[in-house]
Amino acid sequence: MSGKNNVARFVSSYFDPQRTCRWLRGNHHGHSTVSDGRLSPEENIRRYEEAGYDYLALSEHDTLLDVSPFQPNTQLCLVPAIEVTSCYNQTLLYLGADREFPARVWTPERIMAEVHDAGGLFIYDHPNWRPWPNYTTDIHLDAMTGLRGMEIYTGVIERLAGDARATDRWDRLLAKGWRVYGHATDDQHDTVDFFLAWNCVQWPEDKTPTWKGIVDACAAGRFYASTGVHIHTIGVRRDGLEIVVESDADEIWWYVLDGMITCKMQGGNAVVSMEECLSWPVVAGDPVKAMYVRAELMSRGHATAWTQPFWIEG
């Protein structure tokens, strides 16, 4: 290897794999009767709690639901959120919301800027939904400089026009060098929309979950997205020279620049070294060309988990 390759390292948003932590399962995009959902806030909370979730956000359309009256009656950590409608009629998430924004007035860029200025997390929801032509174009996404989060799987779109999966849009932004983290959510409106997709937030075992901490962890990329596969361990070790993953998956596919599959592995556990990564097709000894590595972990019934990108620097 060249001197350049000798100093290449994986950069991870996750904790050190040897750190003791737990995973908080949650859904932070969905609706109740406060906006256009079928079930009441109380019924939504009950269902997610009984299913073993750890946190929940009800992101009502252009209406900030005060979750404080519900918190004493549930073990779930309730996260304030709102889904804001842009001037182009996209509906976009403000996680950790403390205020309402004008509906159908601001551009997506303005909404994102206001969310970040307020200390919240902006997430670009269901970019591959197609309720009308040009709902989200590449031009729309290219204007979102500073974007930190986007939905890569939105459960409700399984029964609507469009594609529930949006990893194509995600990889396109990652290939631009944008550090965008991928989310999976139910976006539940009806009873068929529950428990389709979720995020698992990495949380210190000795700390009590807080909604602000959950929002901050999502902003920092300390979570994975899933439709059924469970990851037990994920991170980078040996001073950035190895990615380690342990899961209940049957197969792991590794992706690099612009969504190209560069390696397929059987089983749910893997250790990928920088030396091995540099030997993969596409990477071909040039870590700068690869930019990032991410994993999709698959099991029976099309269940999938998505890691956040591991950036290659050096």
(message) Looking at segment 43-74 only, could you name the residues that are hydrophobic (A, V, I, L, M, F, W, C) and either at positive phi or in contact with a Ser or Thr (Cβ under 6 Å, 6 or more places away or on another chain) (or both)?
(response) I45, L58
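Yes/no matrix, rows are residues, columns are (1) surrounded by fewer than 18 Cβ atoms within 10 Å (Cβ to Cβ); (2) more than 25 Å from G26 (Cα to Cα); (3) charged (D, E, K, R); (4) modelled with pLDDT of 95 or more:
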| residue | (1), (2), (3), (4) |
| --- | --- |
| W132 | yes, yes, no, no |
| T154 | no, no, no, yes |
| R159 | yes, no, yes, yes |
| D163 | no, no, yes, yes |
| A166 | no, no, no, yes |
| W170 | no, no, no, yes |
| G177 | yes, yes, no, no |
| Q188 | no, no, no, yes |
| D193 | no, no, yes, yes |
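One line per residue, one yes/no per condition, for (1) at pLDDT 95 or above; (2) over 21 Å from W306 (Cβ atoms); (3) surrounded by 19 or more Cβ atoms within 10 Å (Cβ to Cβ); (4) of a type outside the set (S, T, N, Q):
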| site | (1), (2), (3), (4) |
| --- | --- |
| G3 | no, yes, no, yes |
| R22 | yes, no, no, yes |
| G26 | yes, no, yes, yes |
| H31 | yes, yes, yes, yes |
| R38 | yes, yes, no, yes |
| P41 | yes, yes, yes, yes |
| N44 | yes, yes, yes, no |
| R47 | yes, yes, no, yes |
(request) Go through (1) of a type in the set (S, T, Y); (2) farther than 24 Å from C200 by Cβ; (3) touching a strand residue (DSSP E or B) at 6+ places or on another chain (Cβ under 8 Å) one by one and return the number of the condition S40 breaks. (result) (3)
(message) With the requirement that a residue be in a strand (DSSP E or B) and in contact with a Leu (Cβ under 8 Å, 6 or more places away or on another chain), what does segment 254-277 give you?
(response) S273
(message) Out of everything in segment 80-130 that is surrounded by 24 or more Cβ atoms within 10 Å (Cβ to Cβ) and among the aromatic types (F, W, Y), what residue ends up being farthest from the chain's Cα centre (by Cα)?
(response) Y94
(message) Against the definition (in contact (Cβ under 8 Å) with a residue 12 or more places away in the chain, assigned to a helix (DSSP H, G or I) and under 19 Å from the mean Cα position of the chain (by Cα)), how does K212 come out, yes or no?
(response) yes
(request) Look at D142 and say whether it is surrounded by fewer than 24 Cβ atoms within 10 Å (Cβ to Cβ), within 21 Å of A197 (Cα to Cα) and not β-branched (V, I, T). (result) no
(message) Quick check on my filter: what residues within segment 215-239 are assigned to a loop (DSSP other than H, G, I, E, B), at pLDDT 95 or above and on the phi > 0 side of the Ramachandran plot?
(response) G221, G228
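The values are calculated or read from the model by the stated rules, or taken from the named source; none is laboratory data. Please read all numbers here as calculations on a predicted model, not as lab measurements. Note that each Cβ is placed from the backbone with ideal geometry, even for glycine, and that neighbours are counted across all protein chains shown.
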